[in-house]
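Q: Starting off with a structure, shown below.
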Amino acid sequence: MTKGKPSNVPASVRQRLLNLAQQTNQDFGLLLTKYSLERLLYRLSVSPHRDGFVLKGALLFDLWTAHPHRPTRDLDLLGHGDSSLEKYRRLFSEICEQTVEDDGLNFMANTVAAERIKDDEDYEAVRVLLQARLGVARISLQIDIGFGDVITPAPIEVEYPTMLNFPAPRLRAYPRETVVAEKFEAMVKLGMANSRMKDFYDLWELSRRFDFDGSTLMAAIQATFQRRATAFPRGTPLSLSPEFYDAPSKRTQWTAFIRKSGLQSETLGELVANIKTFLLPIIVAIQNGEPFNLHWNAGGAWQQKQ
């Protein structure tokens, strides 16, 4: 957008997003939020704070596949070092003021607030809230920052895909193996208290769309359980058993998640059966202290490496 730049960039961006929403049959509000998160990521990626974060969460699926994933309104990051609220309030205020090519958005530094996430007393996390403007439209954004997790294998350098061909964010991101490991660990730790239906959906999507090296995935799972000091299950995890997926409360939670997200999916029981095919062989190998050198073919089964 260096030549023929529109005189009113916010209006031009808004119209292009409206056109994209109509062409792809997506909710305009969700697209506007997604665009805002993308441009916030870009500001972070060209700021002095770039190396202090690793991208995680649902936005990763945009890196890995062109297939639409479940909608999200949040940005998830792994931070390191001091987790004080004042540090992250100041840091994101600076990111809001980062000088970049005009993309129509004004991230308002004076709206940045930080609070402690108290959903899990065993897991340290900070939530940053801020607002951006696209013309007269005001967009509320949420950034959740976790700390202390291990990433196996190492973070990967990525170029995040852009919606309207503005400069792309370049930053470090989680590998798929650690995404699987963290979601599985949460399932084990929470048991019947688990209402995070998005984790089941994400594991199903990961297993049916991507290949995995068994030994690498096993290492990621073991490292995550060790770092989070979570006891590894001795048998089939409760969250992968009929006691969990046949429970009326879980069926209700699953139906509500699918409806709210506007997704098409199998029943919770059918989906868990697929997840078991994916994870149970590794679970058994870890329980028995055995190596696991098989290869997972997307949507298929574990096989000997070629």
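Q: Residue 127: surrounded by 17 or more Cβ atoms within 10 Å (Cβ to Cβ), basic (Lys, Arg) and in a strand (DSSP E or B), yes or no?
A: Considered against the rule, which asks whether it is surrounded by 17 or more Cβ atoms within 10 Å (Cβ to Cβ), basic (Lys, Arg) and in a strand (DSSP E or B), residue 127 comes out as yes.
Q: Can you tell me which residue is nearest to residue 104 (Cα to Cα) among those in the stretch 171-199 that are crowded, with 18+ Cβ neighbours inside 10 Å and free of Cβ contacts under 8 Å to residues at least 40 places away in the same chain?
A: 199
Q: Please find, among 40, 77, the residue that is part of a helix (DSSP H, G or I), within 22 Å of the chain's Cα centre (by Cα), surrounded by 14 or more Cβ atoms within 10 Å (Cβ to Cβ) and of a type in the set (A, V, I, L, M).
A: 40
Q: Out of the stretch 225-240, which residues are out of contact with any Gly (no Cβ under 9 Å at 6 or more places or on another chain), in a loop (DSSP other than H, G, I, E, B) and under 24 Å from residue 179 (Cβ atoms)?
A: Across the stretch 225-240, the qualifying residues are 229, 230, 231, 232, 233, 236.
Q: So residue 72 passes all but one of these: (1) in contact (Cβ under 8 Å) with a residue 40 or more places away in the chain; (2) under 27 Å from residue 203 (Cβ atoms); (3) buried (at least 19 other Cβ atoms within 10 Å of the Cβ). Which condition number does it fail?
A: For residue 72, the failing item is (1).
Q: Just one of (1) of a type in the set (D, E, K, R); (2) within 24 Å of residue 72 (Cβ to Cβ); (3) under 21 Å from the mean Cα position of the chain (by Cα) trips up residue 251, so point out which.
A: Going through (1) of a type in the set (D, E, K, R); (2) within 24 Å of residue 72 (Cβ to Cβ); (3) under 21 Å from the mean Cα position of the chain (by Cα) one by one, residue 251 breaks only (3).
Q: A further question follows. Give the residue, chosen from 294, 271, that is aliphatic (A, V, I, L, M) and either out of contact with any strand residue (DSSP E or B) (no Cβ under 7 Å at 6 or more places or on another chain) or closer than 29 Å to residue 125 by Cα (or both).
A: 271
Q: Follow-up question, since we're still on this one. What number of residues within the stretch 179-236 are of a type in the set (Val, Ile, Thr) and within 24 Å of residue 256 (Cα to Cα)?
A: 3
Q: Residues in the stretch 149-185 that are touching a helix residue (DSSP H, G or I) at 6+ places or on another chain (Cβ under 7 Å) and either under 21 Å from residue 214 (Cβ atoms) or polar (S, T, N, Q) (or both): how many?
A: Matching residues across the stretch 149-185 total 16.
Q: Report yes if some residue within the stretch 91-106 is over 24 Å from the mean Cα position of the chain (by Cα) and free of Cβ contacts under 8 Å to residues at least 12 places away in the same chain; otherwise report no.
A: For the stretch 91-106, residues over 24 Å from the mean Cα position of the chain (by Cα) and free of Cβ contacts under 8 Å to residues at least 12 places away in the same chain: present.
Q: While we're on this one: Within the set of pairs 6 or more residues apart or between chains, which connect a residue that is closer than 18 Å to residue 237 by Cα inside the stretch 284-298 to a residue that is exposed (fewer than 11 other Cβ atoms within 10 Å of the Cβ) with Cβ atoms less than 9 Å apart?
A: Within 9 Å, the pairs are 284/290; 285/291; 287/234; 287/235.
Q: How about the stretch 43-59: which of its residues are outside any strand (DSSP E or B) and modelled with pLDDT of 95 or more?
A: Of everything in the stretch 43-59, those that are outside any strand (DSSP E or B) and modelled with pLDDT of 95 or more turn out to be 43, 44, 45, 46, 47, 48, 49, 50, 51, 52, 53.
Q: Every residue in the stretch 125-147 that is under 17 Å from the mean Cα position of the chain (by Cα) and not hydrophobic (A, V, I, L, M, F, W, C), please.
A: Once the filter is applied, which keeps residues that are under 17 Å from the mean Cα position of the chain (by Cα) and not hydrophobic (A, V, I, L, M, F, W, C), the stretch 125-147 yields 127, 142, 144, 146.
Q: Condition test on residue 168, is it more than 19 Å from residue 294 (Cβ to Cβ), touching a residue at least 12 places away in the same chain (Cβ under 8 Å) and outside the structural domain of residue 290 (by TED's automatic domain parsing)?
A: Yes.
Q: Still on this structure, please answer the following. I need the full set of residues from the stretch 151-179 which are assigned to a helix (DSSP H, G or I) and either of a type in the set (Lys, Arg) or within 15 Å of residue 232 (Cα to Cα) (or both), in order please.
A: Scanning the stretch 151-179 gives a single hit, 176.
The values are calculated or read from the model by the stated rules, or taken from the named source; none is laboratory data. In this text, all values refer to a predicted model and were calculated from it rather than measured experimentally. Cβ sites come from the backbone with ideal geometry, for glycine too, and all protein chains shown count toward neighbours.
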